[in-house]
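Enquirer: Okay, handing you the structure first.
The values are calculated or read from the model by the stated rules, or taken from the named source; none is laboratory data. Computed from a predicted structure; not experimentally measured. For neighbour counting, all protein chains shown are included, and Cβ atoms are generated from backbone atoms with ideal geometry for every residue, glycine included. Side chains included, ligands, DNA and RNA excluded: accessible areas come from the protein's heavy atoms. Shrake-Rupley method; radii C 1.70, N 1.55, O 1.52, S 1.80 Å.
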Amino acid sequence: METRQLESTPGFAIYDLPDAQHYVGETRLGARLIPGNATMLVRHLTYVFATVEQQRSGASIGLKSDPADAAAAVEALASELGDDITSGRLSTSPGLRLDRELLAPVLTHDQRNQIGNDDRDGISFNDELIGVGAATAASALVGGLDGKRIAIEGMGAAGLGIAREAAAAGATIARVATAKGCANGEIDPVALAEAWLADGDMSVATLSGDGEPQKPWTVWKADVDVLFCGSKPAAMSGDGASMAGATPVVAFSAAAVSSKALAVLRAAGTPVAADFVAAVGPALGWWADPQLTHNDLRMATADTVNAVMSETSGHADGPFMAACYRAEAFLRTWQDTLPFGRPLG
């Protein structure tokens, strides 16, 4: 993993693998950003690409500026990394404290299909595809979602996508959690969407009705059939894994399961679907035939995740590690050495 310090503005760019066809990742803004905190965000994308057998690599850009200086920092970035950006070799998207308007000088050169940025009922199509992938992975672990009870930790846009897909497959949303708390009960996906789009993290207060939201960690209680996690890296800690017990886990964002949590879950024989499998949908669309429809990409996502889960679910080391082995087998076809460290928080 190569970290380049920017010269024109305080910040850095991280490139995971040498000689990749393309580099992809978020640009984040913050005076206190450090490269080490982005490592697993980058590695997650590298394993996503390996899962779908693309010779591409994760990347990340950190602009160490205050929000008031964001526009100048982006202009400097666009100039300094101009060759990589204008050639399409480096593609980025807005991350922490940035939006598409602020990042426009860089985004104007993005050569990826833009279908994923379409807004569909309040979330992007990329988030919808993550919902499709995560729900498909969960279905593979538990033999279908019809009649199953689920809990979702990390009720962002991707979490809303999961809620919609799981409910459409017949699941009951028993619990959702944000950093502000955990709401319980049979939660209607329409009410969930309205609450989230109106109140963000505070949506749990709306969904809790007359009662107070419970503590966020209560989302891990083992009284559901599937636990989804994805609020941040290491969202599921060792303590959360101990609470989850034998409940299957589906990670859907970068390194959402910590290394300790995976060890606890493996010791218990609990299956864990990898974040880089559930989140393959956007990568399938970025360089696909632009004539493909939304439905084509939804089907491609479900088919890809089903194929990977079918190949990995019965492995003695569990589906997460089996998915790692599978991705690494592809990486060995074009890299002299494997990158150090798997996408775990």
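Enquirer: Please state which of the following conditions W196 fails to meet, knowing it meets all the rest: (1) aromatic (F, W, Y); (2) modelled with pLDDT of 95 or more; (3) out of contact with any Asp or Glu (no Cβ under 8 Å at 6 or more places or on another chain).
Expert: (2)
Each row is one residue, and each column tells you yes or no for (1) under 17 Å from A279 (Cα atoms); (2) aliphatic (A, V, I, L, M); (3) touching a helix residue (DSSP H, G or I) at 6+ places or on another chain (Cβ under 7 Å); (4) touching a residue at least 24 places away in the same chain (Cβ under 8 Å).
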site: F49; (1), (2), (3), (4): yes, no, yes, yes
site: V52; (1), (2), (3), (4): yes, yes, yes, yes
site: R56; (1), (2), (3), (4): yes, no, yes, yes
site: A68; (1), (2), (3), (4): no, yes, no, no
site: E80; (1), (2), (3), (4): no, no, no, yes
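Enquirer: Would you say R32 is in contact (Cβ under 8 Å) with a residue 24 or more places away in the chain, open to solvent by 70 Å² or more (accessible area, probe 1.4 Å) and charged (D, E, K, R)?
Expert: Criteria met by R32.
Enquirer: State which residue is nearest to the chain's Cα centre (by Cα) when the search covers only the stretch 53-78 and only residues that are surrounded by 19 or more Cβ atoms within 10 Å (Cβ to Cβ) and aliphatic (A, V, I, L, M).
Expert: A59
Enquirer: Could you list all residues from the stretch 219-241 that are more than 24 Å from A254 (Cβ to Cβ) and of a type outside the set (G, A, S)?
Expert: Once the filter is applied, which keeps residues that are more than 24 Å from A254 (Cβ to Cβ) and of a type outside the set (G, A, S), the stretch 219-241 yields K221, D223, D225.
Enquirer: All but one of (1) within 16 Å of R298 (Cβ to Cβ); (2) open to solvent by 10 Å² or more (accessible area, probe 1.4 Å); (3) of a type in the set (A, V, I, L, M) hold for L141, so report the exception by its number.
Expert: Looking at each condition in turn, L141 falls short on (1).
Enquirer: Hey, does the stretch 149-160 have a residue that's open to solvent by 40 Å² or more (accessible area, probe 1.4 Å), under 21 Å from A278 (Cα atoms) and assigned to a strand (DSSP E or B)?
Expert: Among the residues of the stretch 149-160, at least one is open to solvent by 40 Å² or more (accessible area, probe 1.4 Å), under 21 Å from A278 (Cα atoms) and assigned to a strand (DSSP E or B), which makes the answer yes.
Enquirer: In addition: I'd like the full set of residues that are crowded, with 16+ Cβ neighbours inside 10 Å and in contact (Cβ under 8 Å) with a residue 60 or more places away in the chain, limited to the stretch 197-215.
Expert: If the condition is that a residue be crowded, with 16+ Cβ neighbours inside 10 Å and in contact (Cβ under 8 Å) with a residue 60 or more places away in the chain, then no residue fits.
Enquirer: Among the residues of the stretch 131-155 satisfying the criterion of being closer than 21 Å to K221 by Cβ and of a type outside the set (A, V, I, L, M), which is farthest from the chain's Cα centre (by Cα)?
Expert: Checking each candidate, the answer is G147.
Enquirer: Something else about it: Check off (1) at pLDDT below 90; (2) buried (at least 19 other Cβ atoms within 10 Å of the Cβ) for A38 and give me the number that stays unchecked.
Expert: Condition not satisfied by A38: (1).
Enquirer: While we're on this one: May I ask you to verify whether L284 is out of contact with any strand residue (DSSP E or B) (no Cβ under 7 Å at 6 or more places or on another chain) and either among the hydroxyl-bearing types (S, T, Y) or touching a residue at least 12 places away in the same chain (Cβ under 8 Å) (or both)?
Expert: Here the answer is yes, as L284 does meet what is asked.
Enquirer: Do any residues in the stretch 125-153 that are touching a residue at least 12 places away in the same chain (Cβ under 8 Å) have Cβ atoms under 6 Å from those of residues that are open to solvent by less than 20 Å² (accessible area, probe 1.4 Å) and among the polar types (S, T, N, Q), where the two are at least six apart or on different chains, and which pairs are they?
Expert: L129/T301; V132/T301; G133/T301
Enquirer: Checking the conditions here, which among E165, E186 is in contact with a helix residue (DSSP H, G or I) (Cβ under 6 Å, 6 or more places away or on another chain), at negative phi and open to solvent by 10 Å² or more (accessible area, probe 1.4 Å)? If you could, list the steps in order and put the result at the bottom.
Expert: Details: E186 fails: in contact with a helix residue (DSSP H, G or I) (Cβ under 6 Å, 6 or more places away or on another chain).
Of the residues listed, the single one that is in contact with a helix residue (DSSP H, G or I) (Cβ under 6 Å, 6 or more places away or on another chain), at negative phi and open to solvent by 10 Å² or more (accessible area, probe 1.4 Å) is E165.
Enquirer: To continue, here is another question. Of all the helices (runs of 4 or more DSSP H) wholly in the stretch 253-345, which have at least 2 residues that are within 21 Å of R56 (Cα to Cα) and open to solvent by less than 10 Å² (accessible area, probe 1.4 Å)?
Expert: 275-278, 281-286, 294-312, 318-331
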